[in-house]
């Protein structure tokens, strides 16, 4: 399969230097990147910098002698699977909204029949100006996409909306738009991730080593495939993914309530959270003082969220995770029957190179008819892809 092509248009704003990072991030995702710069953009960043990042010639002069016999703005417009303008100034937005094509970037945009997305960046007053907002509304009505700017301190010193969205988010949003598998459009996917905590007193609690990485990558994969995704997450240090409804919880009880309130309308439920199985029988409202050399705390079983989901299941596809240290397949198969699952994903937590906190995992996916699929050692995002490939194509 040939690489998909993204044409990136760089307009003349102070945020032009950030477009270098967008190019770098998309290049790492294996896209063929071509850059068009306006004349004013070249005053902020040199074309050579974008050439080095994109590994392609940068176009910035409409009347430069072409390297090959082709009309460049038409050639690039046809080549682009997506055209991203970053940063998009009020000037370039106004030009396109009013049909003005007087340089290489504007003519290429006007000639493009593919998806065109603008990532605006400008002063807050310019962004709030009703003329600009009217131009944005006009372009949205024509089918052009926009990545909203963020709020923050702007280059001019003002505080407000107009700051270019984080480059990591821009690259992820573009990658999501370009994602080849869109087989979950119209589906609702519920994912749980991270640990839960069981409180002992106002200071102390017990938890586990779950980082939430696997669940977050599953949520991103479902989002990119077109699903409407709800992610119920225990405490993690991870950034909330864009385009996902994130519900943050701490305890087993809070996760139970969040999951059950979304259970009935979900089509696929993937429970990858490491939920506390036990909780202190009694919670001390006051900090427990040091007294004896030992401290005994009595624990009792907490809710089994996955089992309750299996009991309530109707049309949903229900997938659980099993973190095992011995007799992996046998223990996982018992859980499938006991908890009425459609699939279970089992991995070996005794290994230090996979699982908790690692960016990689290795697991086996087992179906309710005991079919085993080796998912192999890979990144957690790659594993999320493999999981959905198995579920969707079963």
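What the table below lists for this structure:
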{"item": "Filter result (surrounded by fewer than 16 Cβ atoms within 10 Å (Cβ to Cβ) and part of a loop (DSSP other than H, G, I, E, B)) within segment 354-371", "result": "357, 359, 368, 369, 370, 371"}
{"item": "The one condition in (1) over 27 Å from residue 114 (Cα atoms); (2) assigned to a helix (DSSP H, G or I) that residue 177 fails to fulfil", "result": "(1)"}
{"item": "Residue 294 assigned by TED's automatic domain parsing to the domain that holds residue 375, at negative phi, touching a residue at least 60 places away in the same chain (Cβ under 8 Å) and surrounded by fewer than 16 Cβ atoms within 10 Å (Cβ to Cβ)", "result": "no"}
{"item": "Counted residues, segment 135-165 - those being assigned to a loop (DSSP other than H, G, I, E, B) and surrounded by fewer than 17 Cβ atoms within 10 Å (Cβ to Cβ)", "result": "7"}
{"item": "Index of the failed condition, residue 61 passing every other in (1) in a helix (DSSP H, G or I); (2) modelled with pLDDT under 95", "result": "(1)"}
{"item": "Filter result for residue 122 (buried (at least 23 other Cβ atoms within 10 Å of the Cβ), assigned by TED's automatic domain parsing to the domain that holds residue 33 and farther than 15 Å from residue 9 by Cα)", "result": "yes"}
{"item": "Residue 132 part of a loop (DSSP other than H, G, I, E, B) and touching a residue at least 40 places away in the same chain (Cβ under 8 Å)", "result": "no"}
{"item": "Residue in segment 97-104 that is part of a helix (DSSP H, G or I) and out of contact with any strand residue (DSSP E or B) (no Cβ under 6 Å at 6 or more places or on another chain) present", "result": "yes"}
{"item": "Hits in segment 24-54 - residues which are on the phi > 0 side of the Ramachandran plot and either in a helix (DSSP H, G or I) or free of Cβ contacts under 8 Å to residues at least 12 places away in the same chain (or both)", "result": "none"}
{"item": "Pair list, Cβ under 6 Å, 6 or more apart: segment 369-390 residue not assigned by TED's automatic domain parsing to the domain that holds residue 212, other residue loosely packed, with under 12 Cβ neighbours inside 10 Å and in a helix (DSSP H, G or I)", "result": "none"}
{"item": "So residue 200, is it closer than 24 Å to residue 362 by Cα and in the same structural domain as residue 313 (by TED's automatic domain parsing)", "result": "no"}
{"item": "Test set (1) in contact with a strand residue (DSSP E or B) (Cβ under 8 Å, 6 or more places away or on another chain); (2) more than 30 Å from residue 284 (Cβ to Cβ); (3) surrounded by fewer than 23 Cβ atoms within 10 Å (Cβ to Cβ) - residue 215 fails condition number", "result": "(3)"}
{"item": "Out of 36, 8, sole residue that is crowded, with 22+ Cβ neighbours inside 10 Å, within 25 Å of residue 181 (Cβ to Cβ) and modelled with pLDDT of 95 or more", "result": "8"}
{"item": "Residue 203 vs. criteria touching a helix residue (DSSP H, G or I) at 6+ places or on another chain (Cβ under 6 Å), over 23 Å from residue 24 (Cα atoms) and touching a residue at least 12 places away in the same chain (Cβ under 8 Å)", "result": "no"}
{"item": "Verdict on residue 20 being outside any strand (DSSP E or B), free of Cβ contacts under 8 Å to residues at least 40 places away in the same chain and either in contact with a strand residue (DSSP E or B) (Cβ under 7 Å, 6 or more places away or on another chain) or within 14 Å of residue 58 (Cβ to Cβ) (or both)", "result": "yes"}
{"item": "Enumerated strands (runs of 3 or more DSSP E) restricted to segment 256-341, each holding at least 1 residues that are more than 28 Å from residue 374 (Cβ to Cβ)", "result": "278-280, 299-301"}
{"item": "Breaking point among (1) over 18 Å from residue 193 (Cβ atoms); (2) surrounded by 11 or more Cβ atoms within 10 Å (Cβ to Cβ); (3) touching a strand residue (DSSP E or B) at 6+ places or on another chain (Cβ under 8 Å), for residue 374", "result": "(2)"}
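The values are calculated or read from the model by the stated rules, or taken from the named source; none is laboratory data. Values in this document were obtained by computation on a predicted structure and should not be read as measured data. Positions of Cβ are backbone-derived with ideal geometry, glycine not excepted, and every protein chain shown enters the neighbour counts.
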